Amino acid sequence: MFDTIRCCYPLPHHQDAEFQTKDVSVFVYEDPCLGGTMEDYEITEDGRLRRHAHEREWMQDPGALAGGYFRSIRDWWEDVPDAHGDILIYTCDEHAAAPGTLMEFRIRFTNGRVENVTEVVRDAEERPECGDGGGATVLPASADIDDRPEVAALLATLKASQRELRALLSQCSDEWGYDDPVYRFYHHSFKVYGLQSMTKKIVLALQAIRPGTDLHAAFLQIVAEGTGKTFEPAHNQRWLAETRPIVEAFFHARYFLEMAVRYGTRLSEPPRALPSGWAALLHLYGLR
């Protein structure tokens, strides 16, 4: 997957071209492996990186590939602050001797602004061609999308549930929902048993995303072994055996909650090339 980017900052040539890149996600999502999310970006004349952001809603459409589509109901341009590092942008060079050859520029950002632009010059045998199967391949949009209706429905529900999921993730990420209960485990405090209620709350939220479907069996086993426990003084003698499953169940539940927030926010369509966290969510819901 890739992103589309226009560069208003001065280039040596091809100033009006529409470029693609797989590098800006590291600035926006702090994920060097994501590649791209099919979003639109712009580099301004004064060297700032901007992202075209959208608020979307799911529209049912039996004639669409996935049974519907996400419609933008509000959009705006926002700066990507603190961009720092190099990105490659590329487009097909229509004037090259070999048709389909890529034209590439390396753009260096320093503290949020373009520092310099360098044309990437390769030997003839090293220059990739548009669509040659290498890193710069651009597939048709339909080939990039997981068109299963149940997967599209999952993503739509994740997007519609973001407010509730984010609030829950915040609750289990602050001092009293995260720092303190893990500390209690190491402090051998019975208060670690209170972590079970948060785990069950997260599991209920995850189940509500796709009601009527059993979550992954291994996940349910981990949750079962880490909940339903009541402290007894004798547990102090076998502390790890009694309490480690409580913390493990919480960590696994929180992981899936974090992935639900992350990919419910990042993805505009379900991708075929799976980011690891999205693949884990598909496993959780029996879709992989």
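The values are calculated or read from the model by the stated rules, or taken from the named source; none is laboratory data. In this text, all values refer to a predicted model and were calculated from it rather than measured experimentally. Neighbour counts run over all protein chains shown; Cβ positions are idealised from the backbone, glycine included.
Residues of segment 83-110 that are assigned to a strand (DSSP E or B), of a type in the set (A, V, I, L, M, F, W, C), modelled with pLDDT of 85 or more and over 16 Å from Pro10 (Cβ atoms): Ile87, Leu88.
Residues in segment 226-263 that are under 29 Å from the mean Cα position of the chain (by Cα), more than 29 Å from Lys159 (Cβ to Cβ) and of a type in the set (A, V, I, L, M): Ile246, Val247. Exactly one residue among His252, His188, His216 is touching a residue at least 24 places away in the same chain (Cβ under 8 Å) and farther than 26 Å from Arg288 by Cβ, and that residue is His188. Kindly check whether there is at least one residue in segment 259-281 that is of a type in the set (Phe, Trp, Tyr) and free of Cβ contacts under 8 Å to residues at least 60 places away in the same chain. There is at least one residue in segment 259-281 that is of a type in the set (Phe, Trp, Tyr) and free of Cβ contacts under 8 Å to residues at least 60 places away in the same chain. Flag not set for Ala152, criterion: under 24 Å from the mean Cα position of the chain (by Cα), over 17 Å from Thr91 (Cα atoms) and modelled with pLDDT under 85.
Here is a yes/no grid of residues against (1) in the same structural domain as Gly277 (by TED's automatic domain parsing); (2) more than 24 Å from Gly277 (Cβ to Cβ); (3) of a type outside the set (Gly, Ala, Ser); (4) more than 24 Å from the chain's Cα centre (by Cα):
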position	(1), (2), (3), (4)
Thr157	yes, no, yes, no
Ser161	yes, no, no, no
Leu168	yes, no, yes, no
Ser189	yes, yes, no, yes
Leu206	yes, no, yes, no
Gly212	yes, no, no, yes
Ala217	yes, no, no, yes
Ala224	yes, no, no, yes
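What about Thr265, is it under 30 Å from Arg71 (Cβ atoms) and either polar (S, T, N, Q) or outside the structural domain of Leu155 (by TED's automatic domain parsing) (or both)? So Thr265 fits the description; yes.
Per-residue answers, yes or no, for (1) modelled with pLDDT of 85 or more; (2) out of contact with any Lys or Arg (no Cβ under 7 Å at 6 or more places or on another chain):
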residue: Glu125; (1), (2): no, yes
residue: Asp132; (1), (2): no, yes
residue: Gln171; (1), (2): yes, yes
residue: Tyr193; (1), (2): yes, no
residue: Gly212; (1), (2): yes, yes
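Answer yes or no as to whether Arg163 is part of a loop (DSSP other than H, G, I, E, B), loosely packed, with under 15 Cβ neighbours inside 10 Å, at pLDDT below 90 and charged (D, E, K, R).
no
Condition first: outside any strand (DSSP E or B) and touching a residue at least 40 places away in the same chain (Cβ under 8 Å). Now tell me which residues in segment 37-64 satisfy that. Result: Thr37, Met38, Glu39, Asp46, Gly47, Arg48.
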